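Shown next, in structure tokens, is the structure this report addresses.
The values are calculated or read from the model by the stated rules, or taken from the named source; none is laboratory data. These figures come from a predicted structure and were not determined experimentally. Reconstructed Cβ throughout: ideal geometry from the backbone, glycine too, with neighbour counts over all protein chains shown.
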Amino acid sequence: MVVMLSWESTKIGYNNLFKSTLKLAKKAIKKAKISQEDIGLIVHGGVFREHFRTEPAFATHIHGGLDIHCTNISFDSQTCFSFDVTDGSCSPHVALQAIADLLPSLTNKFALLCIGDDRPTKHCEWDYESYCVVAVIGLSGDGIKLISVDYDNSNFNVNFTTTGYFDDKIKANKFEKVGNIEEREKESRNNYFSGDSEWLSGKHMHEFLQRIDGQNDTLEHCIVDRSGKSTTAKWEF
Amino acid sequence: MSKDSRHAQMVSFAGYLPEKKVDTTSFAAPSDLPRSLDFIRLTGILAHHEVSEQQGSFELAIEAAKKAISRAQLEPASIDLVINASVSKMNHELSQHLSPSYASLIADKLEINNAQCFDVSNACASMVTSLMIAESRIRSGQAEYALIVSGEHITPIIDEAKRRNLYLHPRAIASLTVGDGAAAYILGPTEQEGRIKFSEPFTLAQHNRLCIGQACKNHRGPQMRTKARDLQNGVLDNLGIFLQRSIKKMGIEWDKIDHTYSHPTTPKAVKKGAKIATDALGEINFLHNDSAETANTASTTHGVLLEISHDNKYLNSDETVFMVSFGSGLAMVAIHFNLPEGVEKWS
């Protein structure tokens with residue numbers, strides 16, 4: 001599918017996602033030994049956005065913040081395309097797949113994968129460890145190779161949802177989680193890694209990236225969302 | 001079907017509008033607006049549709065999806081990819097769905113049990129962005145049939161704008177240009193190449209702060225703030241070259257396009273865009289600028305307009321459609337496809 005050429009991740013505060021993403025993106029681009037102008041696609045994956053923002057895509061803010069091809073279109077101008085994807089904690093794998101889907105048809109053959117969440121408002125209870133992850137993705141090169149992403153809906157429970165709402169008592173926006181699957185804790189063995197089902201997307205990717213040092217052969221990374229659905233990315237080293 | 005001979009095609013589409021129709025004069029008469037603005041003359045929007053009391057984005061999406069599946073003559077079980085492109089994801093109580101993907105809930109309701117499901121968010125361009133992803137999945141053999149669906153319950157931003165003093169909040173005026181609606185598309189495999197083509201996708205991120213949608217901070221529901229003129233200029237300044245580059249990249253001939261649809265921010269804006277397109281590429285064979293009574297239904301606009309064209313018996317098998325999509329951010333992307341076989345017989 002695609003190759004992860006470089007990556008950066010860090011723990012962030014309640015709402016530092018934008019600044020952290022820009023900082024990490026610059027580092028990851030440098031590490032991949034490409035220039036910003038080589039980026040043709042930016043895909044962000046996550047669930048929570050500041051003030052429950054619906055538009056534009058968070059990826060467009062990263063795109064603008066990095067100032068990649070932010071010019072009017074001319075007959076020979078280069079292009080970069082940005083959008084968001086989401087599927088609970090499985091968002092990182094969905095974002096990787098979206099990059100693998102679109103990157104081959106674009107002129108610039110490098111993409112930025114950006115993962116993370118912001119606490120939507122100060123009124124939201126936030127017991128998450130929030131991480132920001134940025135990776136440079138290419139079609140080939142030195143890095144870890146994504147072989148496949150599989151999905152499993154067999155344990156999906158449609159009633160286990162997270163919803164943003166306006167709390168009339170305090171006149172502010174919050175979110176509520178409904179239902180809870182049997183908690184699934186971190187599981188790490190030779191060629192398999194799976195995180196806790198209550199982790200956010202950023203933490204899933206951050207912990208996975210901590211796990212890959214010294215890895216050879218293959219590693220399966222499974223993310224189980226709190227709704228019970230899961231995705232498994234198979235990586236080759 | 002070998003990988004080299006595997007391509008994607010449009011199998012069906014559907015648009016859906018809720019029954020309730022609201023006249024623009026009932027909420028945007030000159031007496032309601034700063035400087036007695038003649039909103040109808042300015043935009044060309046005469047009316048829009050709104051959900052009933054128990055409807056939200058989900059219920060709208062289900063209506064469109066059911067129609068598209070029925071037209072495709074498919075069993076839900078044969079769909080193995082569901083992408084939701086709704087920006088609003090808003091229920092009748094004005095709560096915003098966050099997780100898991102809305103697509104998962106839609107698939108569950110439709111008894112599509114073994115599909116990968118996720119959401120794509122790219123403002124009004126979410127639908128065409130989703131179609132690009134689905135086309136690639138089908139072409140590469142990773143998916144057989146894809147449902148791309150969106151229900152947009154966005155008219156609460158009209159109510160939010162009406163609560164404001166629009167002299168003090170002029171960026172809320174563009175919120176009066178929206179309507180509720182839904183659209184769905186089914187893509188499937190074919191051995192015939194070129195039945196769906198996409199332009200180079202652009203995000204002109206220098207314009208990424210011209211339209212912001214988010215939860216209203218002190219009231220239930222969403223709000224949108226738009227620098228409408230700047231956003232429109234961002235599109236119009238780039239449209240001519242965008243279209244010329246797109247036509248060349250897609251390898252199509254402008255004068256052979258049977259039906260053209262633009263993202264209808266307003267009917268008046270579409271007319272301005274059409275003039276630019278005509279200057280750049282020549283006369284448009286058939287521009288479907290029919291949003292005067294539907295308004296801007298965000299990601300669902302093209303599907304809603306296709307449905308209107310179908311109702312008017314304008315569409316025939318294998319004719320070609322060119323759709324230009326814009327989304328705040330600022331996304332610009334176009335799709336060209338052949339209409340499904342038998343489209344004229346659909347109910």
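Among the conditions (1) in contact with a strand residue (DSSP E or B) (Cβ under 6 Å, 6 or more places away or on another chain); (2) charged (D, E, K, R); (3) assigned to a loop (DSSP other than H, G, I, E, B); (4) within 30 Å of A:ASP167 (Cα to Cα), the only one that B:GLU193 does not satisfy is (4). Within region A:19-37, being surrounded by fewer than 18 Cβ atoms within 10 Å (Cβ to Cβ), touching a residue at least 60 places away in the same chain (Cβ under 8 Å) and not basic (Lys, Arg) holds for one residue alone: A:GLU37.
Looking only at region A:25-34, decide whether some residue is more than 21 Å from B:PHE202 (Cβ to Cβ), within 14 Å of chain B (Cβ to nearest Cβ) and not hydroxyl-bearing (Ser, Thr, Tyr). Step through it out loud before you land on a result.
Step one: of region A:25-34, the residues more than 21 Å from B:PHE202 (Cβ to Cβ) are A:26-28, A:30-33.
So of that shortlist, the ones also within 14 Å of chain B (Cβ to nearest Cβ) come out as none.
Among the residues of region A:25-34, not one is more than 21 Å from B:PHE202 (Cβ to Cβ), within 14 Å of chain B (Cβ to nearest Cβ) and not hydroxyl-bearing (Ser, Thr, Tyr), which makes the answer no.
Among residues of region A:152-179 that are more than 7 Å from chain B (Cβ to nearest Cβ) and at positive phi, those with a Cβ under 7 angstrom from a residue that is part of a loop (DSSP other than H, G, I, E, B) and surrounded by fewer than 15 Cβ atoms within 10 Å (Cβ to Cβ), sequence gap 6+ or separate chain, pair up as A:GLY179/A:ASN159.
Exactly one residue out of A:THR71, A:THR54 is more than 13 Å from the chain's Cα centre (by Cα), surrounded by 24 or more Cβ atoms within 10 Å (Cβ to Cβ) and either of a type in the set (Ser, Thr, Tyr) or assigned by TED's automatic domain parsing to the domain that holds A:GLY228 (or both), and it is A:THR54. Taking the conditions exactly as written (outside the structural domain of B:SER86 (by TED's automatic domain parsing), β-branched (Val, Ile, Thr) and under 25 Å from A:SER82 (Cα atoms)), does B:THR265 satisfy them or not? Yes, satisfied.
If the condition is being under 15 Å from A:ILE39 (Cβ atoms) and under 13 Å from the mean Cα position of the chain (by Cα), then region A:5-18 contributes A:TRP7, A:GLU8. The sole residue among B:ILE247, B:ILE335, B:ILE252 that is over 18 Å from the mean Cα position of the chain (by Cα), within 14 Å of another protein chain (Cβ to nearest Cβ) and either among the aliphatic types (A, V, I, L, M) or crowded, with 24+ Cβ neighbours inside 10 Å (or both) is B:ILE247. Annotation: of all residues in region B:216-270 being basic (Lys, Arg) and without any contact (Cβ under 8 Å) to a residue 40 or more places away in the chain, the one that is farthest from B:LEU339 (Cα to Cα) is B:LYS217.
Kindly establish whether A:SER188 is at pLDDT below 95, in a strand (DSSP E or B) and either in contact with a strand residue (DSSP E or B) (Cβ under 9 Å, 6 or more places away or on another chain) or in the same structural domain as A:GLU50 (by TED's automatic domain parsing) (or both). Against the criterion (at pLDDT below 95, in a strand (DSSP E or B) and either in contact with a strand residue (DSSP E or B) (Cβ under 9 Å, 6 or more places away or on another chain) or in the same structural domain as A:GLU50 (by TED's automatic domain parsing) (or both)), A:SER188 qualifies. Only residues that are in contact with a Lys or Arg (Cβ under 7 Å, 6 or more places away or on another chain), of a type in the set (A, V, I, L, M, F, W, C) and within 7 Å of chain A (Cβ to nearest Cβ) were counted in region B:198-211, giving 0. Selection over region B:19-51 of residues that are free of Cβ contacts under 8 Å to residues at least 60 places away in the same chain, assigned to a loop (DSSP other than H, G, I, E, B) and of a type in the set (Gly, Ala, Ser) gives a count of 1. Among the candidates B:GLU53, B:GLU59, B:GLU19, B:GLU63, the residue that is more than 29 Å from B:PHE322 (Cβ to Cβ), among the charged types (D, E, K, R) and crowded, with 16+ Cβ neighbours inside 10 Å is uniquely B:GLU59.
Under the condition of being charged (D, E, K, R) and free of Cβ contacts under 8 Å to residues at least 12 places away in the same chain, which residue from region A:57-109 is farthest from the other protein chains (Cβ to nearest Cβ)? By that ranking, first place goes to A:ASP76.
Selection of region B:227-254 for residues being part of a helix (DSSP H, G or I), more than 30 Å from B:HIS169 (Cα to Cα) and aliphatic (A, V, I, L, M) yields B:ILE241, B:LEU243, B:ILE247, B:MET250.
Out of curiosity, is B:THR294 crowded, with 19+ Cβ neighbours inside 10 Å, at pLDDT below 95, part of a loop (DSSP other than H, G, I, E, B) and not acidic (Asp, Glu)?
no
Of A:GLY202, A:GLY164, all but one fail to be surrounded by 15 or more Cβ atoms within 10 Å (Cβ to Cβ), more than 18 Å from the chain's Cα centre (by Cα) and within 21 Å of A:PHE48 (Cβ to Cβ); the exception is A:GLY164.
Report yes if A:LYS229 is buried (at least 23 other Cβ atoms within 10 Å of the Cβ), within 14 Å of another protein chain (Cβ to nearest Cβ) and basic (Lys, Arg), otherwise no. Considered against the rule, which asks whether it is buried (at least 23 other Cβ atoms within 10 Å of the Cβ), within 14 Å of another protein chain (Cβ to nearest Cβ) and basic (Lys, Arg), A:LYS229 comes out as yes.
For region B:125-141, the set of residues classified as facing another protein chain (nearest Cβ under 8 Å) and in contact with a Ser or Thr (Cβ under 9 Å, 6 or more places away or on another chain) consists of B:ALA125, B:SER126, B:THR129, B:MET132, B:SER136, listed by residue number. Pairing residues of region B:314-337 that are assigned by TED's automatic domain parsing to the domain that holds B:GLY240 with residues that are surrounded by fewer than 24 Cβ atoms within 10 Å (Cβ to Cβ) and among the charged types (D, E, K, R), at Cβ distances under 6 Å and at least 6 apart in sequence or on separate chains, gives B:ASN316/B:GLU344; B:SER317/B:GLU341; B:GLU319/B:ASP258; B:THR320/B:ASP258; B:HIS336/B:LYS197.
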